[in-house]
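S.K.: I am attaching a structure below and will ask some questions about it afterwards.
A short reminder: the numbers here are calculations on the coordinates, not readings from a lab. Here the structure is a predicted model, which is why all the values come from computation and not from measurement. Every residue, glycine among them, receives a Cβ derived from its backbone with ideal geometry; neighbour counts consider all protein chains shown.
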Amino acid sequence: MAKGKRTLKPRFWLILTALFAVVAVCVYSSQAYYLRLQNETLTDLEARRESLANSKAALERKLDFMDTDEYIIREARDKLGLLMPGEIVFEDGN
């Protein structure tokens, strides 16, 4: 047998190119799916952050109100039934 130089046939290059194209399409589609999933997650997290920021602001307003004398007096009257000095309680006879 004679040792000869082997040449690559065009069919080999065609198959190699097709294989590369299939791999490239698979990678592209998986990355596109991953990016779409990340975008959805980011949107959900931003909405959650906004909701938590609103909740935090409401709680801070409530906390600021709880430091006022008006709140303390209201709670003492409503929950404990206390009166200010000199006030008179009128009860309904029913």
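S.K.: Take the chain, mark every one of the GluC sites (Glu not before Pro) that falls in a DSSP loop and has at most 15 other Cβ within 10 Å, then report the longest stretch left between them, sites excluded.
M.R.: 1-86
S.K.: Next question. Pull out the extension gain between ALA21 and ASN39, defined as 0.36 nm times the separation in residues minus the alpha carbon to alpha carbon distance; nm, one decimal.
M.R.: Gain on stretching ALA21 to ASN39: 3.8 nm.
S.K.: Take the alpha carbon atoms of the range 67-85, find their center, do the same for the range 7-44, and report the distance between the two centers in whole angstrom.
M.R.: 70
S.K.: Okay, moving on. Is the shape of the range 16-82 best called rounded, prolate or oblate, per the rule: a/c under 1.5 gives rounded, else a/b larger than b/c gives prolate, else oblate, with a ≥ b ≥ c the square roots of the Cα gyration tensor eigenvalues?
M.R.: Verdict is prolate for the range 16-82.
S.K.: If you line up the long axis of helix 69-80 against the longest principal axis of the chain, both from Cα atoms, how many degrees apart are they, to the nearest 10?
M.R.: 80
S.K.: Same structure again: Please give the contour-minus-distance gain from ASP92 to ALA58: 0.36 nm per residue of separation, less the Cα-Cα distance, rounded to one decimal in nm.
M.R.: 8.5 nm
S.K.: Okay, moving on. Let's test the formula: R0 of 41 Å, r as the Cβ-Cβ distance of GLU50 and LYS9. What FRET efficiency results, to the nearest 0.05? Please report the intermediate quantities before stating the final value.
M.R.: Details: r = 62 Å, r/R0 = 1.51.
Computed FRET efficiency for GLU50 and LYS9: 0.10.
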